[in-house]
Amino acid sequence: MTEAADFTRFPLDPHILDAIREMGYVTPTPIQVQAIPVVLAGQDVMGAAQTGTGKTAGYGLPALQRILPKANTSMSPARHPVRVLILAPTRELAVQVNESLVKYASKTPLRVGVVYGGVDIKPQAEMLRRGVEVLTATPGRLLDHYEGHSVNLSQVEILILDEADRMLDMGFLPDIVRILNLLPKKRQNLMFSATFSPEVKKLAGNFLSHPVLVEVARENATADTVEQLVYQVHDSEKTDVLIDMLKHDGEDGGPIKQVIVFVNAKITCRRLAATLKRVGIAADAIHGDKSQDERMAALQAFKKGEIEVLVATDVAARGLDIAELPMVINFDVPFGAEDYVHRIGRTGRAGVKGKAVMLATGGDTRLVAAIEELTKQKFKLEERRAMTREQRRAGRSASQGEGRSRRSRDSWRDDDREGRRPVEMPKMPAAVYDPIFDQPYEPGAAEPAAAPKVAEPFAARTQPRKKGMVAALLGGVLRK
């Protein structure tokens, strides 16, 4: 008898199965097939899978199942202690994980909550004091709540580190160590990430106990569902090439309807989003200087289709789960090769095809080589030039055709140097001899030569003025 191809193969509670069935979950992904049985068995797990493969369900479903026997409908906060703690590096990822867990547990008495920085801490503290069994948190805000005595971590049974490498990159190691010391020594530990650096493996060795390695793809590999393209562009044409792509690389040569554009710096994020708006592209920006409410508003507008382009720093490289996102564009080549894996993981999720484009200039050679080494692939560089005025009118891609010339930084002002008709200069009239203006000036004989000007002696210039004159200059009255 063959094993069931759906989630009924796992010993999950019918209430959990009903919830994920309503969410449209039919066939488990490879990471879920391997991870769920191991987590249900109570073993520590070190999971390696590229983003978008269903890691949240891979650890979330069995974690809920393990604590479900202790669920109750009591209103007493003491009956709802934190039993599952999930640490995430960014607010976006924490919110995304929490949204999934809320749906998984929607038909059970389990309480699910999330805490993160950038918003008012008081509502979060009230939620924690009422009791919550499954808590997703960013490390810093969790410690804030602990110091404020609004959360008790003494009954945590399962600890999950999601995107542990990113947490180390963001400097969360001291916070993680503090949190580990606050938890019971006897607990189940899970670590999931798309990439595992040597630092992460060292951390895993310090708190995981005989972990089972769950790896469904080659380490640091990118998803097969993502088509990857690298365009070699001139630095002065970079913005123009991006605008050309956004306006003409969609279906039938039209605009791209939904795309995330990744940049390396917050100032680039702000300026690029403003530039796209000026040329008529519906765009918004997400970066670390924006408040959580502003970032969530921009994300919701993007999901609803109210804006077409979301310009983002790496704050959005992880945790954003946008259904069927067709494309991501790396306007800047990421400084860290691992970030490339996470950025392009926003598309090609759950088996849906996606495209990832990277704009590389001459100064990005070393960064591109590092990505190739990490992902064990060789990019085929394709030159791409900004479109000429005629090409924009025809709606053709600038990557087609010959004879494109280099353009200046302000070439998007429609002043293309190529394809323009030569400007005919007006013909100048023939030179006419003028006996007055064409001869050099010579003083006449009757005109006396000007006497040389003699400089005033220093002593004369330093003589004090009369008191009356000084008083007049100062607004006073002359006295006789």
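Here, each number is a calculation from the coordinates, and none is a lab measurement. Model, not experiment: these values are computed from the prediction. Cβ coordinates were reconstructed from backbone atoms using ideal geometry, including for glycine residues, and neighbour counts include every protein chain displayed.
Determine the relative contact order of region 7-215: mean sequence separation of Cα pairs under 8 Å and six or more apart, normalised by residue count, in whole percent.
28
Quick one: which residues, 5+ away or cross-chain, put their amide H under 5 Å from the amide H of M191? H built at 1.01 Å from N.
Answer set, sorted by chain and number: V45, M46, G47, L161.
For the pair S106/N181, report the inter-label distance in nm, with labels modelled 7 Å from Cα in the Cβ direction.
Reported label-point gap for S106 and N181 is 4.2 nm.
Report the FRET efficiency, 1/(1 + (r/R0)^6), for T8 and E215, where r is their Cβ-Cβ distance and R0 is 30 Å, rounded to 0.05.
Efficiency computed from Cβ-Cβ geometry: 0.75.
List the residues whose amide H sits under 5 Å from the amide H of V216, counting only those 5 or more places along or on another chain, with H placed 1.01 Å from N in the peptide plane.
Close amide H contacts, sequence-distant or interchain: A48.
Return the long-range amide H neighbours of M358 (sequence gap of 5 or more, or a different chain), with a cut-off of under 5 Å between placed amide H atoms.
Sorted by chain and number, the residues that satisfy this are L229, V230, Y231, N330.
Give me the number: length gained by fully extending K257 to E373, i.e. 0.36 nm times residue separation minus the C-alpha to C-alpha distance, one decimal in nm.
38.5 nm
Please state the shape class of region 105-225: rounded when a/c is under 1.5, otherwise prolate if a/b exceeds b/c and oblate if not, all from the C-alpha gyration tensor.
prolate
Roughly speaking, what is the stretch gain from T361 to E227, that is 0.36 nm per residue apart minus the C-alpha to C-alpha distance, in nm to one decimal?
That pair, T361 and E227, stretches by 46.2 nm at full extension.
Want the number for T27 to K202: 0.36 nm per residue separation, take away the alpha-carbon distance, what's left?
Gain in length upon complete extension: 59.6 nm.
From the phi of every residue in region 119-134, what ³J(HN,Hα) in whole Hz does the Karplus formula 6.51 cos²θ - 1.76 cosθ + 1.60 yield, where θ is phi - 60° and glycine or proline is x?
3J(HN,Hα) across region 119-134, in whole Hz: 9, 4, 7, 5, x, 5, 4, 5, 4, 5, 5, 6, x, 8, 8, 10.
Could you sort 5-15, 102-112 so that the peptide with the highest average Cβ count within 10 Å comes first and the rest follow in order?
The peptides rank, most packed first, as 102-112, 5-15.
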